[in-house]
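The values are calculated or read from the model by the stated rules, or taken from the named source; none is laboratory data. Everything quoted here is computed from the prediction, not taken from an experiment. No Cβ is skipped: glycine too gets one built from the backbone with ideal geometry, and neighbour counts run over all protein chains shown. These area figures cover heavy atoms from the full protein model, side chains too; ligands, DNA and RNA do not enter into them. Shrake-Rupley method; radii C 1.70, N 1.55, O 1.52, S 1.80 Å.
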Amino acid sequence: MIANVKIGFIGFGNMAKALAEGLIIKNVVKPNQIYACARNWDNLCKSTKANGINACQTSQELVNESDIVIIAVKPNVIPAVIEPIKEILKDKIVVSVAAGYTFDKYEELLLPGTSHLSTIPNTPVSIGEGIIVAEKLHSLSDKEYKLINDIFSKIALLEFVDSNQLSIAGTISGCGPAFASMFIEALSDAAVKHGLTREASYKLASQMILGTGKLQIETGEHPGAMKDAVCSPGGTTILGVTTLEKKGFRGAIVDAIDAIEGK
């Protein structure tokens, strides 16, 4: 557990809650080391009370209490949120989880010399199995960089990418859980059609994705080689693979990413 470091969330929507839950579940910090503020006070109190997180009525109060300030509001309101607190943010570590807000944008909003890093997390951080894509370009000191790495690497794969790759990396890791969930559901539908229970099919499909992903990360093996290892000549798996190819499986995925990146 990282002692004494206080983490504040400006905005406490789904992503902020997921990060807070992951930090607590993985014993990175205690609940009373986490602070949150949001526009709706009643909803904030309900959300924070469940986990023992500190609710703050204003962003100024939150920043004064925190060492690390996580900007977790909608991108269109970030300038209005930053303006009244930029003086006191000067001595804090600012971490953004807002899509599209890169280092250069924050340089225009924050005072010169403010330590800040732009990231894009995904929802599995809530159970400590997430991804946090971070921009290589940042203004953290070596000590601050190590602290951020120590904290967030405990709940996610922390991957630093070039600024021009932040969007696509965030799309793969951030939108990917929706695609993976659709795949799990589709596999389950097919299994139920052939007589397996819904509960069992969900477990099997989900564990299959989890195990396959971990296998690739730990071995570094090419996904094509992993596929080939399961496909015996004339066997059932290659029959399924070729059927997916005929139905445009890969092309549909590429088209989905193109649609997101081209919006």
Margin query: Given the criteria touching a strand residue (DSSP E or B) at 6+ places or on another chain (Cβ under 8 Å), open to solvent by 10 Å² or more (accessible area, probe 1.4 Å) and hydrophobic (A, V, I, L, M, F, W, C), does residue 98 qualify?
Written below: no
Check: Just checking, how many residues over region 152-178 are open to solvent by 50 Å² or more (accessible area, probe 1.4 Å) and closer than 19 Å to residue 5 by Cα?
Finding: 2
Next item on the list: Take region 21-41 and flag every residue that is open to solvent by 50 Å² or more (accessible area, probe 1.4 Å) and either under 26 Å from residue 175 (Cβ atoms) or assigned to a loop (DSSP other than H, G, I, E, B) (or both).
Entry: 21, 25, 26, 27, 30, 39, 40
Notebook entry, point to check: Does residue 192 meet the test of being in contact with a Lys or Arg (Cβ under 8 Å, 6 or more places away or on another chain) and outside the structural domain of residue 127 (by the TED database)?
Noted result: yes
Margin query: Residues that are farther than 29 Å from residue 97 by Cα, outside the structural domain of residue 124 (by the TED database) and modelled with pLDDT of 95 or more: does region 165-181 have at least one?
Written below: no
Item checked: Of all residues in region 204-263 being among the basic types (Lys, Arg) and within 26 Å of the chain's Cα centre (by Cα), the one that is least open to solvent (accessible area, probe 1.4 Å) -> 214
Checklist line | Filtered residue count, region 2-20, keeping only those that are surrounded by 20 or more Cβ atoms within 10 Å (Cβ to Cβ), charged (D, E, K, R) and over 12 Å from the mean Cα position of the chain (by Cα) | finding: 0
Checklist line | Subset tally (residues that are in contact with a helix residue (DSSP H, G or I) (Cβ under 6 Å, 6 or more places away or on another chain) and in contact (Cβ under 8 Å) with a residue 40 or more places away in the chain) for region 52-84 | finding: 6
Item checked: Verdict on residue 107 being surrounded by fewer than 18 Cβ atoms within 10 Å (Cβ to Cβ), in the same structural domain as residue 70 (by the TED database), of a type outside the set (A, V, I, L, M) and in contact with a strand residue (DSSP E or B) (Cβ under 9 Å, 6 or more places away or on another chain) -> yes
Margin query: Regarding region 55-68, can at least one residue be identified that is in contact with a strand residue (DSSP E or B) (Cβ under 8 Å, 6 or more places away or on another chain) and either basic (Lys, Arg) or at pLDDT below 95 (or both)?
Written below: no
Check: Looking at (1) without any contact (Cβ under 8 Å) to a residue 12 or more places away in the chain; (2) in a helix (DSSP H, G or I), which is the one condition that is false for residue 233?
Finding: (2)
Next item on the list: Give the residues of region 130-151 that are open to solvent by 10 Å² or more (accessible area, probe 1.4 Å) and either in contact (Cβ under 8 Å) with a residue 60 or more places away in the chain or within 21 Å of residue 3 (Cβ to Cβ) (or both), sorted by residue number.
Entry: 140, 141, 142, 143, 144, 145, 146, 147, 149, 150
